[in-house]
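Nothing in this text is a laboratory measurement; each read-out follows from the coordinates by a stated rule. Not measured: the values here are computed from a predicted model. Cβ sites come from the backbone with ideal geometry, for glycine too, and all protein chains shown count toward neighbours.
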Amino acid sequence: MPRIKPLSWLLLLFTGLLYVFVEYSVMRHETLTLIICLTILFLIYLWIVRSIDDYEVSFWIAVSIGFRASLLLALPNLSDDFYRFIWDGRLLAAGYHPFAELPRYYIENKANIPGINNELFKLLNSPDYFTIYPPVNQFVFWLSAKISPQSILGSVVVIRSLIIAAEVGSLLMIRKILKHYDLPAKNVLLYALNPLIILELTGNLHFEAFMIFFLLASFLFLIKGKLWGSALNFGLAICSKLIPIIFLPLLLTRLGLKRSLQFYAITAFCCMLLFLPLLSIDIISGFRESIGYYFKKFEFNASIYYIIREWGFWKYGYNIIQTVGWRLAMYSALLILFYTLLEGIKSYSLKSIFEKLSTISVGLKEIDSQLLTSSLFVLFIYFAFSTIVHPWYITTLVAFSVFGRYRFALLWSALIFITYANYRADGFEENLWFTAIQYVLVFGYLAYELIAPRKVDEKSIS
């Protein structure tokens, strides 16, 4: 094996120390320190993915896993969502339905549930909202409470260990897919070493890690011609986060009608099976209310919605999110369907699309890497119309960008950290100038990538 360059060892040491410093010492309201550290991490990341030799890829994959492992004992400092994970897990471990009541109910009624107490309640960022986490998440919450029923740090370690395992699985899936399509092996480092991926998934315990793993596994099974394995993993992805539902239309022009319906049926069966242990009138009402809040109340780091909201303030004098939020979701769905049709026509011609929709046998091994790039743009459309885009949301965009020539998601993964400048020691106040700068640069770079001549080969990492 060729010798690893001394500079690589130096970068390893410095970057590892920086990750430990950020995760164990820096709070999200310490804006200047956080932004400086993240800028340095991204500059090193960009240098590595552009400059290393092919023989160093396995070395840096191992290093990326080491970076993740170094965060094992840290309490998340850039997000407090994990307290709700522990709350739900303790309810499940005690035999209580996490969708049944609001957290405040158990405190006001002095419920005698191990670990459900005022101390944990005060740490929740959503004590007056129903939980919104689907079955895969709830299983992980339950497992963490079973293994560590009284310790918050113990539960965090359990959850983070499973997330690291999912991340290792994702790296394996990426390498296999890259090899299948004869794409550069070092493209995997675009995901493996990305600071947003490491800090938001492993560091802050966001369950996009599981969704990404199951999605990649689903795509890998699909390109290997294994419909059942693909559909089951897709169901697991939906049961980690609901977002993968938006990718389902992309399969129609690739699998044909019959196989698509088979795929949808298997996926639906998997989802129903996983939701079954939680199924009750509580989950229906609580989940529906949570989804309603998502589209009618929550707003953060949006793009198109913020422009419409300002128009609403000018025209009506109040925030029109109650009526606009769900409409934007509908427009997003329609645009995704339209994009799917246009993408299918461009790739296969209208005639071949109708032939595939009308035939019963379409070779699964005909699936090409364009499916992953199309998924990238479908997800981007969804985020463009969303009322809320947290930093960890776009980690899936980074995963999909590994397989094509578009790099706007990588730029976004660096710029979106600017949203942490909105946090203060005494609260939160969103600075729309930061939001505007972020989206002008991201949308501008995407436009450049779409219209600029292709100066490099499709398989280039740059």
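From the square roots a ≥ b ≥ c of the eigenvalues of the alpha-carbon gyration tensor of region 120-273, which class results: rounded (a/c under 1.5), prolate (a/b over b/c), or oblate? It is oblate, given that a/c is not under 1.5 and a/b is not larger than b/c. Taking Lys and Arg as +1 and Asp and Glu as -1, the other residues whose beta-carbon sits under 14 Å from that of VAL22 total -1. With the Cα gyration tensor of the chain giving a ≥ b ≥ c as the square roots of its eigenvalues, does the rule (a/c under 1.5 for rounded; else a/b larger than b/c for prolate; else oblate) give rounded, prolate or oblate? Judged from the Cα gyration tensor, the chain comes out rounded (a/c under 1.5). Put the Cα centre of region 1-60 next to the Cα centre of region 140-182 and the gap is 22 Å. Ranked by how many other Cβ atoms sit within 10 Å of their own Cβ, fewest first, the residues LEU227, LEU13, LEU162 fall in the order LEU13, LEU227, LEU162. Across region 392-400, coupling constants 3J(HN,Hα) worked out from phi with the 6.51/-1.76/1.60 Karplus curve, θ = phi - 60°, read 6, 4, 8, 4, 5, 4, 4, 4, 5 Hz, and Gly and Pro carry x.
For region 23-104, a simple Cβ point-charge model (Lys and Arg +1, Asp and Glu -1, everything else neutral) yields a dipole of about 240 debye relative to the Cα centre.
Annotation: amide H of PHE300 within the under-5 Å range of ILE388, VAL389, sequence separation 5 or more or interchain, hydrogens built in the peptide plane.
Would any residue of region 102-137 have its amide N under 15 Å from a label point 7 Å out along Cα→Cβ of GLN150? List them or say none. Answer for region 102-137: 113-117. Listed by number, the DSSP H helices of the chain that run 27 Å or longer by alpha-carbon position along their axis and have mean Kyte hydropathy of at least 1.0 are 6-25, 31-51, 152-180, 252-275, 432-451. Sequentially through region 102-119, phi angles give Karplus couplings (6.51, -1.76, 1.60; θ = phi - 60°) of 6, x, 4, 4, 6, 6, 5, 9, 6, 5, 8, 10, x, x, 8, 9, 4, 4 Hz, Gly and Pro residues having no value and appearing as x. Here the extension length gained between ASN112 and LEU17 equals 29.9 nm, from 0.36 nm per residue of separation less the Cα-Cα distance. Placing unit charges on the Cβ atoms of the charged side chains and taking the dipole of the chain about its Cα centre, the candidate lying farthest along the positive direction among LEU261, PRO391, LEU215 is LEU261.
Each peptide in 27-35, 83-91, 64-72 was scored by the mean count of other Cβ atoms within 10 Å over its residues; highest first, the order is 83-91, 64-72, 27-35.
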